[in-house]
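In what follows, a structure is listed as structure tokens, so that the remarks can point back to it.
Values in this text are rule-based calculations from the coordinates and carry no lab data. These numbers were taken from a predicted model, which means no experiment stands behind them. Please note: Cβ atoms are built from the backbone with ideal geometry, for glycine as well, and neighbour counts cover all protein chains shown.
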Amino acid sequence: MSLAPPPPAVDDPVPEAPQVQAQIAAHIANKRREELKQRQRQAAAEVRRRLGQDNFRVLFFQLSQDQNLADLVWNGRTRQELRSSLEAELKSFERQQALRGVGRVAWNHEQFHVKYESMSGELCVGGVYLRLFIES
């Protein structure tokens with residue numbers, strides 16, 4: 001003897017086929033959207049990684065080039081001044097780490113400043129070196 005489930009009550013409506021189909025279609029669409037978002041996030045991460053590499057290549061290339069523009073002076077002396085400042089900052093940071101412990105010291109880039117002695121004779125107004133502006 002098999003027991004069949006009781007027939008649905010009058011107050012308990014059975015979902016209609018179009019409603020079920022719409023729910024399934026909505027579920028599939030949501031899954032596809034999530035998969036697409038995941039692929040887009042992965043692609044964006046790869047683009048950022050590649051751009052970051054390219055940006056560093058361009059940065060280091062530009063740092064090796066001399067510039068003598070009204071709003072930018074970059075040459076062997078300014079490169080050396082930057083290098084000396086960065087080396088001194090790194091030594092100071094390493095000393096602080098040795099005193100306080102690795103991971104207990106953070107570098108505050110906003111306090112880092114390079115004093116370009118080679119530029120002390122240049123008159124600069126609003127980020128423009130007047131001598132070079134007049135010459136150009």
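Send over the semi-axes of the chain's equivalent ellipsoid, whole angstrom and largest first, taken as the square roots of 5 times the C-alpha gyration tensor eigenvalues. Can you show the working numbers first?
On the way: eigenvalues 901, 119, 41 Å².
After diagonalising the Cα gyration tensor, the semi-axes are 67, 24, 14 Å.
Aspartates and glutamates within cross-link reach of residue 37: Cα-Cα under 18 Å, excluding same-chain residues under 8 positions apart?
Candidates past the 8-residue exclusion: 46.
May I ask for the equivalent-ellipsoid semi-axes of the stretch 66-136, computed as the square root of five times each C-alpha gyration tensor eigenvalue and listed largest first in whole Å? Kindly include the intermediate steps, with their values, before the conclusion.
Details: eigenvalues 230, 28, 14 Å².
Semi-axes from the Cα gyration tensor: 34, 12, 8 Å.
Using a Gaussian network model of the chain with C-alpha springs under 10 Å, which one of 82, 69, 99 is most mobile by mean-square fluctuation?
Looking only at 82, 69, 99, the biggest GNM fluctuation is shown by 99.
In the chain, once you exclude exposed trypsin sites (Lys or Arg not before Pro) (DSSP loop, at most 10 other Cβ within 10 angstrom), what's the longest stretch remaining?
1-103
Rounded to the nearest 500 deg cm²/dmol, what is the calculated helix-only ellipticity per residue at 222 nm for the chain, with -39500 (n - 2.57) per DSSP H run of length n ≥ 4?
So the calculated ellipticity at 222 nm is -20500 deg cm²/dmol.
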